[in-house]
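FYI, it's all coordinate maths here, none of it is from the lab. From a predicted model like this one, the values you see are computed outputs, not experimental measurements. When we count neighbours, we look across all protein chains shown, and the Cβ atoms used for this are built from the backbone with ideal geometry, even at glycine.
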Amino acid sequence: MKYRTVFDIIGPVMIGPSSSHTAGAARIGRAARTMFGKMPKRVSIILYGSFAKTYRGHGTDIALVGGLLDFDTFDTRMAESLDIASEEGMNVEFIESDELTDHPNTARLILEDGDHRLEVVGISIGGGKMEITELNGFQLSLSGNAPVLLVYHHDQHGAVAAVATILAKHEINIGYMQVSRKEKGSQALMSIETDQVVDESLQEEIRKQHGMLSVTVLS
Amino acid sequence: MLFRSVAELVEYAESEQLKISDVMMQQESDVMNRPIEEIYREMEENLRVMELAIERGTTEDLKSKSGLSGGDAKKIMMYRENAPVLLTGTTVLEAVASATAVSEVNAAMGIVVATPTAGACGILPGTISTASKKLNSSREDMVRALFVAGAIGFCIANNACISGAAGGCQAEVGSATAMAAAAVVEMAGGTPSQSAQAVAIALKNMLGLVCDPVAGLVEAPCVKRNAMGAAIAMVAADLALAGVESVIPTDEVIDAMYKIGRDMPVSLRETALGGLAATPTGRSLERQIFGNESSE
């Protein structure tokens, strides 16, 4: 089931005018920002479908940038996000694409700062709810229903077990888990929805395991 | 209990002699692992945001950035209070004015609660606040009504869709109208099954409604569709309370809505390429608002 909580239906509390094109877009931007770990210097945003056709009218651009600035859906600074971004030195470009996508409200965000680069695809599925469907070329399905632990690692034996053991030791229950890789033996991505929040010290413990490349939590 | 359809929800509620709001609060508490009091408080907070939006929209002189919307809620309220005769009645017109108010606040980039979406955010606040005055409802009845609406929206969102881009306006204003109709039925003391009938009756009258926003803005025709959605919700609730039943069961109406949405051309699903958006006036407004940088 895509929607699990009543507050996805009666909510979110948000700045208008559109839950899918404003609030959902802000949440996609904010998820990308969290995964990037800091404010990016440069962002390219590719818009598809209804996003591409109506983004100015709905303030989708303003909302995505607001999210990238770490604003929540009801943050009253949202309307000025484009100005705030340029003041803070975040350079954003928007590209409208005619390409057909599975979902009409799709955005691809490419965040950069020096060598640090992150590419995220998000879809806004209605009522302010969004899903992240792609991360640095890995297909995934993150609903945002629960905190997610994202672990990049070398595609080798024992990696999944190492992470699972640490979670078990700290009594953290896994609700959903997905491992994806681009090709055998290269890099892989574990996305793990947990019932409890994985705090910083635990993330550090996972980082120290053999073969781990990066660890982030999206809550 | 995790209900997947309106039929399951009603059957469970009636067999356990619960209200729909009880079932929704219980499920939320179980699934999200949160105490009921905490969930209740969050919903009460949502109600407060809704009431503030009604207050703003009916008293302030709102105008959206584009100039396409604002000021109608005040106009309707004045007419409702001063006209020598009303063709409908004070209750329906109050629901309509309040729904318009919230929708105008949304268009002016004010704070609203998406119910289930921002495009349809006026209908639920408009109907619940109006019904509460008419019925002399308690605060708890109003908060519970939001849970009823949530339960219905939950079934629609999981079995069909609630975004205009996916299913047209029937998925947004249609869903909101159906949710509101069920909510006010419970407020008026109706049974879970009568709430379900109100959903079917309301949603049937929204089937086929396309999403064709002028210049891509959530303003024209969205504000007026919120207004009329509130009116339909109030009347659908009365029909259900009168014992009128839908020939087609509620879940099948929801499924029909979903399939109609799938069949709808892209031009009529929130792309501003067809319908009212593509009329000569719609196009000319789009040019005025966005100038040459318009995406067309």
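Brief remarks follow.
- Cross-link pairs B:133/B:224; B:63/B:259; B:134/B:259 - those with Cα-Cα distance over 32 Å: B:63/B:259; B:134/B:259
- Neighbourhood charge, 11 Å Cβ-Cβ cut-off, centred on residue A:11 and excluding it, Lys, Arg +1 and Asp, Glu -1: -2
- Packing-based ranking, highest mean first, of A:23-29, A:60-66, A:207-213 given that Cβ atoms within 10 Å are counted: A:23-29, A:60-66, A:207-213
- Summing charges over neighbours of residue A:93, with a neighbour being any other residue whose Cβ is under 12 Å away from its Cβ, gives -2 when K and R count +1 and D and E count -1.
- Eigenvalues of the alpha-carbon gyration tensor of region B:105-263, scaled by 5 and square-rooted, set the equivalent ellipsoid semi-axes at 23, 19, 12 angstrom, largest first.
- Highest-MSF residue in chain A out of A:116, A:154, A:58 [GNM, Cα springs under 10 Å]: A:116
- Net charge over other residues, Cβ less than 9 angstrom from the Cβ of residue B:94 (K, R count +1; D, E count -1): +3
- Just so you know, the Cα atoms of region A:148-218 work out to an Rg and Dmax of 11.1, 32 Å.
- The packing ranking of peptides B:128-135, B:214-221, highest mean first, is B:214-221, B:128-135, where packing means the average number of other beta carbon atoms within 10 angstrom of each residue.
- Loop trypsin sites (Lys or Arg not before Pro), region B:4-105, which have at most 13 other Cβ atoms in a 10 Å radius of their Cβ (DSSP): B:4
- The protein assembly as shown, dipole about Cα centre (Lys/Arg Cβ +1, Asp/Glu Cβ -1), debye to the nearest 20: 680 debye
- Spatially proximal lysines relative to residue A:208 (Cα-Cα < 18 Å; intrachain offsets below 8 disregarded): A:169
- Eligible aspartates and glutamates near residue B:74 by straight Cα distance, threshold 17 Å, same-chain separation 8 or greater: B:51, B:55, B:60, B:61, B:94, B:104, B:219
- Stokes-Einstein D for chain B, Kirkwood Rh over Cα pairs, 10 °C, 1.306 mPa s (µm²/s): 83 µm²/s
- Magnitude of the charge dipole for region B:109-244, about its Cα centre and with charges confined to Cβ atoms of Lys, Arg (+1) and Asp, Glu (-1), is about 160 debye.
- With θ taken as phi - 60° and the Karplus curve 6.51 cos²θ - 1.76 cosθ + 1.60 applied, the whole-hertz 3J(HN,Hα) list for region A:187-194 is 8, 9, 10, 9, 10, 10, 7, 10 Hz, x standing for glycine and proline.
- With at most 16 other Cβ atoms within 10 Å, longest stretch of chain A clear of loop GluC sites (Glu not before Pro) (DSSP): A:1-87
- Database remark: amide H of residue B:244 closer than 5 angstrom to no amide H (H placed geometrically; neighbours at sequence offset of 5 or more, or on other chains; Pro and chain starts carry no H).
- Antiparallel beta bridges, as assigned by DSSP with both residues in the protein assembly as shown, represent about 85 percent of the total such bridges.
- Euclidean distance between Cα centres, region B:153-218 to region A:13-42, Å: 27 Å
- Computed over chain B with a Gaussian network model linking Cα atoms closer than 10 Å, the most mobile of B:264, B:43, B:78 is B:78.
- 16 Å Cα-Cα reach of residue A:129 towards aspartates and glutamates, excluding residues that sit fewer than 8 places from it in its own chain: A:8, A:72, B:172
- Region B:58-170: C-alpha gyration tensor shape, a/c 1.5 cut-off, then a/b vs b/c: oblate
- Between the C-alpha center of region A:132-168 and that of region B:14-51 there is a gap of 32 Å.
- Here the 3J(HN,Hα) profile of region A:163-175, calculated from phi with Karplus coefficients 6.51, -1.76 and 1.60 at θ = phi - 60°, is 5, 4, 5, 4, 4, 5, 4, 9, 6, 9, 8, 8, x Hz, Gly and Pro shown as x.
- Positive-end residue, region A:88-218 charge dipole about Cα centroid, Cβ charges, pick of A:161, A:139, A:126: A:161
- Cα gyration tensor shape of region B:40-81, rounded if a/c is under 1.5, else prolate or oblate by comparing a/b with b/c: oblate
- Leading residue at positive end of dipole, region A:1-53 (Cβ point charges), from A:15, A:47, A:5: A:47
- Magnitude of the charge dipole, region A:148-218, Cβ model with Lys/Arg +1 and Asp/Glu -1, debye to 20: 340 debye
- The alpha carbon gyration tensor of the protein assembly as shown gives principal lengths a ≥ b ≥ c with a/c of 1.5 or higher and a/b no greater than b/c, which makes the shape oblate.
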